[in-house]
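Reviewing the structure listed below.
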Amino acid sequence: MTRITQAATGLGAIQAVAASPTFAQDGLCFAAGSDGLRVSTDGGIIWRDAYATLGLRAPLTTAALAFSPSYAQDRVQRAEGDRTIFAGAVGGVLRSHDEGQTWRIASLPSPPPFVTALAVSPHYLEDGLVFAGTMEDGVLRSWDRGDSWAAWNFGLLDLNVYALAISPEFARDDTLYVGVDSGVFRSSNGGRAWRETSFPMECAPVLSLAISPNFAADGVIFAGTEASELWMSADRGVTWRGLSGWEAPGPINALMLAPTDAQELAILAVTDAALCLSQDGGASWQVQCSAELRGVTCAAAPAGVEPGAQVLLGTGDGRVLVCAL
Amino acid sequence: MSNNLRLPPVFQPTTYRAFMAGADRIVATIRPTLGPVARTVAIQRPLDQRGPELLDNGGVIAKRIIQLPDYRADVGAMFVRDMLWRLQEQEGDGTATAAVLFQATFNEGVRLVAAGLNARRLQGFLEEGIEVILNELRRQTVPVNDAHHLAQVAFTVCQDRELSDLLGEIFDIVGGYGRLEIREGSSRGLEREYVEGIYWERGLLSRQMVADPQRLRSELEDAAIVLSDLNIQEPQQILPVLVTAFQAGLKRLLIVADEIADSALSLLLANSKPDHMQILAVKTPGFGREQQADFLVDAAVLCGGRPFLRATGDTFKAIRSEDFGRARRVWADLRSFGLIGGMGDPRQLRRHLAALRAAHSETDDLALRGKLHERIGRLMGGSATLRVGGVTVRDIEARKELAERTAAAVRGAMQEGVVPGGGVALLACRPALQRCIDATHDPEARAAYRILLRAVAEPLRTIVANAGYDPSDALAEVRMAGPDYGFDVLTGRVTAMGAAGITDPANVVKAATYAGLTSAALALTIDVMVHRTEQPAHATPPSPARRKRL
């Protein structure tokens, strides 16, 4: 890992960070926390209040962020349709089409849910589907690009959602997963109903999920737990096994995957004290620890997880760290 | 001789002949209903002047046949009827398959017993062969989960594309144990509705608790819940609940009790004010203590908190704030109440559901299975309603009955999987039976396996014949094509059934096979028939209803 730059955002604790897919060019990134949402356009050095135009009387706790999948492409082409950034807050999902300068709020069904995770359909431009995982209210689904939301929790026996992961082949397989307080649930009908998986309850909560980019072929999904265990399923979540050789301490707050070649996956697992990188599908790990990494709560890797790629890390004391793997 | 036994007993060889005549009569009535190109059976209505009832369900037809004029044949007919009725109660389908299997096995068995084989030994070997068939059916079973395949399973049962597609969608959402109500609708077609959360058919104890007079409904957000089956006769009995809730800062409260007297209700109404504390009270769901106890256990797991039970002498005197359950939303009207987002421990809920599912799959008691199914369906957190409309009342009734039958089959397929349809799964048991024949020299054993070898082809032959094709030709073509191939009577072609999505619910095929074949094996051991003139036994369903695990 190379030099770490860090900046204070003015937030108490950062719960989510997200960076533009063209972060290397535009330096656009967001940090969300209990005191609201901050935006930076210089790669995470200077931060300002992203909700300033809303004129809020009290800070709006925000805990989830997502860029629409073809944001980079549309930004280059200056297309308006899909340059959307979503922010999940208490009681609503906000979206911006102008790099976070202005926001539109869509209220969620009462009582106000606390949005903890957001996932946008890979085919968002066509299907307009967005999913919001919440604490205590399960999963909300919007089929009109975030305008209206409804709960779809058939079979979701645990409504405390920490993580959402959507299949890259969603248009074909309608599959998504949620990491919850008691394990992992799977939907194979576009989030309209959920089924338990065999993920062991005693190892939950599941804080982070990541689906293989080759999911259609390999069916691989990873789950990181609060108890610092990394689990893997190679059959679309039907059976799970703990990854051997994994020893990094602390809850696994974020997981990111990228294909290195046809056979292997590169995996970045972020705990509250270390960055753990595997370039062989989890068989071996390079663990990077330093005092500066203490208290990392969330991460974003806009350029993937190859060596040298930049990652953004949010911390529990309101800092955003930018470093290269 | 008592009045009951006025007719003389029947001995061999008349026993077999008469029994077969009666059984053949009822099987012949049901045989045309097997397969996707089934025909209907018209049954006269003796009690009114309306036209005959048109039926295509073997189980329902069997129930309608009360008595044959020949008392000797009647015993055989009622034996088969009882078997079919029981099967219909258990699985909701498969009666025509069971009927033709019974006939093929029994008639061939009678011929061989008449030729000198021992009926009791034959029965024993038949039962061994039945186990071979069931194992082969288990081997062919594959799970089915997605909406498309569920719709295909439904279509093989009901042959109604619109109904099949809707049931496929519904079960894809609510799951195999999910709650589905099928009701008569007011439109001409089919409509479905999904309801989030859980509800019970018990309403508000006072009309004055209705907050929304237009919808006659009240709703609470982030509500505390007191679960009990107590009889509250005095205001003092409920006062500790209000005091504890007030001290805990609870603003919205649902009280579930078996009974709350007017004076205690008045206390609740006097303290229910929007700016102070909103209070709703409903009656404990369930008929009788056992059902109420089940509700309290389930609701406590779902919402957390502690249920207060009359049986253990509980009162509200020592209620603490942690005894309250919680839910994100509660609603109640004058007929029912519901919960959305119960805030109990999800791990405990999942363990509780796993225990209920295990009990459901292990019990043979149909009534208990029904209750467990209902509890599991509720706890899954949502329900669906299918409204069946039509042009006439008769249309609606018939389609609703078809929808119920199909829903039961789809549910069974979700829980136990599917096998290739069109009689192919049974036909595929023949190599295993042939191996049994080759492995023994015992004449009764070889005869038993040969009987079964022929019998397992009978459903396919009947399906083909009912569709107007030649069964022998079709069977020859299917044998040439190889395993998993069958005759698709809708296209008139030999097809790979599994790949074409022509499947049958495994539970239905196994249950029909077991019922038809074991009944035939048992019937072969009947030597004397004694006829009783009491009629009610024929008119009532077999009991106790039990389901054998296959």
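Among the residues of segment B:168-217, just one is crowded, with 17+ Cβ neighbours inside 10 Å, assigned to a loop (DSSP other than H, G, I, E, B) and among the charged types (D, E, K, R), namely B:202.
Using the structure shown, decide if residue B:327 is away from chain A (no Cβ under 14 Å) and either of a type in the set (Gly, Ala, Ser) or over 31 Å from the mean Cα position of the chain (by Cα) (or both). So residue B:327 fails the test.
Filtering segment B:251-275 to residues that are modelled with pLDDT of 95 or more, under 13 Å from residue B:220 (Cα atoms) and either surrounded by fewer than 17 Cβ atoms within 10 Å (Cβ to Cβ) or not charged (D, E, K, R) (or both) leaves B:253, B:254, B:255. Note on segment A:133-148: residues that are without any contact (Cβ under 8 Å) to a residue 60 or more places away in the chain and assigned to a strand (DSSP E or B) amount to 6.
Out of everything in segment B:118-153 that is within 30 Å of residue A:172 (Cβ to Cβ) and touching a strand residue (DSSP E or B) at 6+ places or on another chain (Cβ under 7 Å), what residue ends up being farthest from the other protein chains (Cβ to nearest Cβ)? Give the derivation first.
Step one: list which residues in segment B:118-153 are within 30 Å of residue A:172 (Cβ to Cβ), which gives B:140-153.
Those still in the list that are touching a strand residue (DSSP E or B) at 6+ places or on another chain (Cβ under 7 Å) too: B:140-142, B:144, B:152-153.
Working: B:140: 21, B:141: 17, B:142: 15, B:144: 12, B:152: 16, B:153: 16 Å.
Checking each candidate, the answer is B:140.
Highlighted here are the strands (runs of 3 or more DSSP E) found entirely within segment A:243-325 that include at least 3 residues which are β-branched (Val, Ile, Thr) and touching a residue at least 40 places away in the same chain (Cβ under 8 Å): A:265-271. If you go through segment A:159-181 one residue at a time, do you hit one that is surrounded by fewer than 24 Cβ atoms within 10 Å (Cβ to Cβ), within 11 Å of chain B (Cβ to nearest Cβ) and under 19 Å from residue A:68 (Cα atoms)? The answer is yes; a qualifying residue exists. For segment A:112-132, which residues satisfy the criterion of being within 14 Å of chain B (Cβ to nearest Cβ) and either in contact (Cβ under 8 Å) with a residue 24 or more places away in the chain or outside any loop (DSSP other than H, G, I, E, B) (or both)? Of everything in segment A:112-132, those that are within 14 Å of chain B (Cβ to nearest Cβ) and either in contact (Cβ under 8 Å) with a residue 24 or more places away in the chain or outside any loop (DSSP other than H, G, I, E, B) (or both) turn out to be A:113, A:114. Of the numbered conditions (1) surrounded by fewer than 20 Cβ atoms within 10 Å (Cβ to Cβ); (2) touching a strand residue (DSSP E or B) at 6+ places or on another chain (Cβ under 7 Å), residue A:276 fails exactly one; give the number of that condition. Failing condition for residue A:276: (1).
Picking from residues in segment B:351-376 that are facing chain A (nearest Cβ under 10 Å) and crowded, with 18+ Cβ neighbours inside 10 Å, the one that is farthest from residue B:175 (Cα to Cα) is B:352. Give just the number: which of (1) of a type in the set (A, V, I, L, M); (2) buried (at least 16 other Cβ atoms within 10 Å of the Cβ); (3) over 28 Å from residue A:200 (Cβ atoms) does residue A:305 not satisfy? Going through (1) of a type in the set (A, V, I, L, M); (2) buried (at least 16 other Cβ atoms within 10 Å of the Cβ); (3) over 28 Å from residue A:200 (Cβ atoms) one by one, residue A:305 breaks only (3). For segment A:88-112, the candidate set comprises residues that are touching a Gly at 6+ places or on another chain (Cβ under 7 Å) and crowded, with 17+ Cβ neighbours inside 10 Å; within that set, the residue that is farthest from residue B:221 (Cα to Cα) is A:95.
For segment B:55-98, name all the residues that are out of contact with any Leu (no Cβ under 8 Å at 6 or more places or on another chain) and without any contact (Cβ under 8 Å) to a residue 24 or more places away in the chain. Within segment B:55-98, B:55, B:56, B:69 qualify.
One line per residue, one yes/no per condition, for (1) within 22 Å of the chain's Cα centre (by Cα); (2) without any contact (Cβ under 8 Å) to a residue 40 or more places away in the chain:
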| site | (1), (2) |
| --- | --- |
| B:160 | yes, no |
| B:165 | yes, yes |
| B:177 | yes, no |
| B:210 | no, no |
| B:213 | no, yes |
| B:220 | no, no |
| B:224 | no, no |
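Screening residue A:237 with (1) at positive phi; (2) within 18 Å of the chain's Cα centre (by Cα) gives one miss only, at (2).
From B:220, B:239, B:253, grab the single residue that is over 23 Å from residue B:302 (Cβ atoms) and not in a loop (DSSP other than H, G, I, E, B). Working first, answer last.
Working: B:220 fails: over 23 Å from residue B:302 (Cβ atoms); B:253 fails: over 23 Å from residue B:302 (Cβ atoms).
Being over 23 Å from residue B:302 (Cβ atoms) and not in a loop (DSSP other than H, G, I, E, B) holds for just one of B:220, B:239, B:253, which is B:239.
Considering segment B:192-234, the residues that are basic (Lys, Arg) and away from chain A (no Cβ under 14 Å) include one that is nearest to residue B:374 (Cα to Cα), namely B:202.
Of everything listed in (1) free of Cβ contacts under 8 Å to residues at least 60 places away in the same chain; (2) more than 11 Å from every other protein chain (Cβ to nearest Cβ), the single unmet condition for residue A:151 is (2).
What helices (runs of 4 or more DSSP H) completely inside segment B:65-164 contain at least 1 residues that are more than 30 Å from residue B:441 (Cα to Cα)?
Values: elements: B:71-91, B:95-114, B:119-140, B:147-158.
Because the criterion is at least 1 residues that are more than 30 Å from residue B:441 (Cα to Cα), the helices (runs of 4 or more DSSP H) in segment B:65-164 that meet it are B:71-91, B:95-114, B:147-158.
Each residue in segment B:177-217 was checked for being among the hydroxyl-bearing types (Ser, Thr, Tyr), in contact with a helix residue (DSSP H, G or I) (Cβ under 6 Å, 6 or more places away or on another chain) and under 25 Å from residue B:397 (Cβ atoms), and 0 pass. Looking across segment A:187-228, the residues that are at the interface with chain B (Cβ under 10 Å from one of its Cβ atoms), out of contact with any Phe, Trp or Tyr (no Cβ under 9 Å at 6 or more places or on another chain) and not in a loop (DSSP other than H, G, I, E, B) come down to A:201, A:202.
The values are calculated or read from the model by the stated rules, or taken from the named source; none is laboratory data. What you see is a predicted model; the values in this text were computed from it and never measured. Note that each Cβ is placed from the backbone with ideal geometry, even for glycine, and that neighbours are counted across all protein chains shown.
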